[in-house]
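Participant: Can you keep this structure in mind? I'll have questions shortly.
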Amino acid sequence: MDKVLVIGACGQVGTELVENLQYIHGSSQVVASDIKTPINEVFSNSEFVHLNVLDKAQIKEVFQTHKPTIVYHLAALLSATAEENPKFGWELNMDGTFNIFDACIEHGVKRIFWPSSIAVFGPTTPRVNTPQSTILEPNTIYGITKLTGERYCEYYFNRYNLDVRSIRYPGLIGWKSFPGGGTTDYAVDIFHQALKNGQYDCFLNEQTTLPMMHMEDAVRATLEITDAPSNLIKVRSSYNIAGVSFNPEQLTQEIKKHIPQFKISYHPDHRQKIANSWPESIDDQIARADWGWQEKYNLEKLVVNILDNLR
Ligand code: AKB
């Protein structure tokens with residue numbers, strides 16, 4: 001029986017991932033951890049431990065006590081927050097990752113999942129149907145940490161045989177948990193505001209097309225790549241995966257089909273510059289061929305599902 005440790009469990013992905021892992025492995029086989037105090041009730045079903053990924057002694061204690069065989073390391077600052085404090089963004093995203101990777105080697109962890117992001121791409125990357133292998137010149141600290149992390153994933157696999165698997169998350173949209181500090185956060189916020197106030201003031205302009213994905217697809221991708229036989233995982237840095245691409249105006253039109261009086265206004269802020277450096281759409285042929293990735297949600301289904309559930 002596997003013992004699963006989720007690090008950074010209280011975030012947008014972690015909260016939904018923990019719920020799925022409890023169902024798959026049994027609640028007693030899942031340990032959730034975060035530096036934050038959990039608020040979602042999902043965390044009361046499994047053991048929860050306080051863990052600061054910059055504290056090596058604490059990491060050692062958690063690994064010694066719980067002896068995880070599978071680790072999901074999700075703790076990171078997202079793009080907008082990291083930009084406010086680049087030094088800490090680097091420290092948390094990189095030193096935290098090195099500490100966890102080293103602990104996984106030391107404690108014989110079988111498999112580890114580490115998330116990368118579309119932020120590894122930059123202004124010089126082809127923006128439409130961005131290929132798996134292409135120019136990677138990110139100009140945000142978050143993107144720089146994700147790119148460095150990807151190189152480390154491949155290096156640790158080749159050098160230490162650490163079985164790390166990774167995907168480049170697009171913007172993630174779910175109804176069970178909130179994002180925090182990302183550039184794509186508008187696409188979650190807009191649903192809450194549309195239902196609550198019938199209007200939304202968007203921090204990106206109407207033409208900002210970005211790759212996005214329903215959280216259910218993202219969690220399924222995370223579980224599928226982590227559970228896939230090792231020989232199928234041929235990209236040892238991180239896989240492109242695509243869900244759906246849209247801009248705020250297209251999302252608004254889709255929401256209006258269900259809330260006709262919904263109104264949007266645009267006041268782009270510092271996050272516009274980050275969004276402008278990212279691709280519009282992603283080519284994920286390699287993930288589809290290697291481990292069978294297939295999204296379920298298009299824009300229409302995504303909007304219906306999020307509105308229904310939030311209602
Ligand atoms: C962010 O906006 O920072 C994240 C991401 C695309 O990695 N959602």
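The values are calculated or read from the model by the stated rules, or taken from the named source; none is laboratory data. On a predicted model such as this, the values are computed, not experimentally measured, just so you know. Reconstructed Cβ throughout: ideal geometry from the backbone, glycine too, with neighbour counts over all protein chains shown. Areas reflect the complete protein model, heavy atoms only, side chains present, ligands, DNA and RNA absent. Shrake-Rupley method; radii C 1.70, N 1.55, O 1.52, S 1.80 Å.
Participant: Say whether the condition of being surrounded by fewer than 16 Cβ atoms within 10 Å (Cβ to Cβ), in a loop (DSSP other than H, G, I, E, B) and without any contact (Cβ under 8 Å) to a residue 24 or more places away in the chain is met by at least one residue in region 146-159.
Facilitator: no
Participant: Hey, residue 124 hits all of (1) over 20 Å from the mean Cα position of the chain (by Cα); (2) within 16 Å of the ligand (Cβ to nearest atom) but one; which does it fall short on?
Facilitator: Going through (1) over 20 Å from the mean Cα position of the chain (by Cα); (2) within 16 Å of the ligand (Cβ to nearest atom) one by one, residue 124 breaks only (2).
Participant: Does residue 146 satisfy the condition of being under 16 Å from the mean Cα position of the chain (by Cα), within 11 Å of the ligand (Cβ to nearest atom), closer than 30 Å to residue 251 by Cα and of a type in the set (D, E, K, R)? Full working, then the answer.
Facilitator: On the way: under 16 Å from the mean Cα position of the chain (by Cα): yes; within 11 Å of the ligand (Cβ to nearest atom): yes; closer than 30 Å to residue 251 by Cα: yes; of a type in the set (D, E, K, R): yes.
For residue 146, the condition - under 16 Å from the mean Cα position of the chain (by Cα), within 11 Å of the ligand (Cβ to nearest atom), closer than 30 Å to residue 251 by Cα and of a type in the set (D, E, K, R) - is met.
Participant: Within region 192-200, is there a residue that is aromatic (Phe, Trp, Tyr) and either buried (at least 22 other Cβ atoms within 10 Å of the Cβ) or without any contact (Cβ under 8 Å) to a residue 24 or more places away in the chain (or both)? Even if it seems obvious, please write down each step before you answer.
Facilitator: Initially, region 192-200 is screened for residues aromatic (Phe, Trp, Tyr), giving 200.
Keeping just the survivors that are either buried (at least 22 other Cβ atoms within 10 Å of the Cβ) or without any contact (Cβ under 8 Å) to a residue 24 or more places away in the chain (or both) gives 200.
The answer is yes; a qualifying residue exists.
Participant: Testing residue 279 on (1) surrounded by 15 or more Cβ atoms within 10 Å (Cβ to Cβ); (2) in a helix (DSSP H, G or I), one condition comes back false. Which one is that?
Facilitator: Going through the list (1) surrounded by 15 or more Cβ atoms within 10 Å (Cβ to Cβ); (2) in a helix (DSSP H, G or I), residue 279 breaks only (2).
Participant: Have a look at 165, 236, 220 and point out the one that is in the same structural domain as residue 12 (by TED's automatic domain parsing) and open to solvent by 20 Å² or more (accessible area, probe 1.4 Å).
Facilitator: Numbers: 165 fails: open to solvent by 20 Å² or more (accessible area, probe 1.4 Å); 236 fails: open to solvent by 20 Å² or more (accessible area, probe 1.4 Å).
Testing whether each residue is in the same structural domain as residue 12 (by TED's automatic domain parsing) and open to solvent by 20 Å² or more (accessible area, probe 1.4 Å) leaves just 220.
Participant: Applying the selection to region 166-203, what residues are part of a loop (DSSP other than H, G, I, E, B), within 10 Å of the ligand (Cβ to nearest atom) and touching a Gly at 6+ places or on another chain (Cβ under 9 Å)?
Facilitator: We begin by selecting, within region 166-203, every residue part of a loop (DSSP other than H, G, I, E, B); these are 166, 170, 174-185, 197-198, 203.
Still in the running and within 10 Å of the ligand (Cβ to nearest atom): 170, 179-185.
Once the filter is applied, which keeps residues that are part of a loop (DSSP other than H, G, I, E, B), within 10 Å of the ligand (Cβ to nearest atom) and touching a Gly at 6+ places or on another chain (Cβ under 9 Å), region 166-203 yields 170, 179, 180, 182, 183, 184, 185.
Participant: Only one of 264, 286 is of a type in the set (A, V, I, L, M, F, W, C), outside any helix (DSSP H, G or I) and more than 17 Å from the chain's Cα centre (by Cα); which?
Facilitator: Details: 286 fails: outside any helix (DSSP H, G or I).
Going through 264, 286 in turn, the sole match is 264.
Participant: Anything in region 249-276 that is within 16 Å of the ligand (Cβ to nearest atom), open to solvent by 60 Å² or more (accessible area, probe 1.4 Å) and polar (S, T, N, Q)? List them, or say none.
Facilitator: So the first thing to find is which residues in region 249-276 are within 16 Å of the ligand (Cβ to nearest atom), and the list is 251, 268-276.
Applying the additional criterion that residues be open to solvent by 60 Å² or more (accessible area, probe 1.4 Å) yields 268, 270, 273, 276.
Within region 249-276, 276 is the sole residue that qualifies.
Participant: How many residues does region 30-46 hold that are in contact with a strand residue (DSSP E or B) (Cβ under 6 Å, 6 or more places away or on another chain) and assigned to a helix (DSSP H, G or I)?
Facilitator: Taking region 30-46 and keeping what is in contact with a strand residue (DSSP E or B) (Cβ under 6 Å, 6 or more places away or on another chain), we get 30-33, 38, 43, 46.
Imposing the further condition that a residue be assigned to a helix (DSSP H, G or I) reduces the set to 43.
The total comes to 1.
Participant: Looking at region 67-115, which of its residues are open to solvent by 20 Å² or more (accessible area, probe 1.4 Å), closer than 30 Å to residue 26 by Cβ and more than 16 Å from the ligand (Cβ to nearest atom)?
Facilitator: 67, 69, 99, 102, 105, 106, 107, 108, 110, 111
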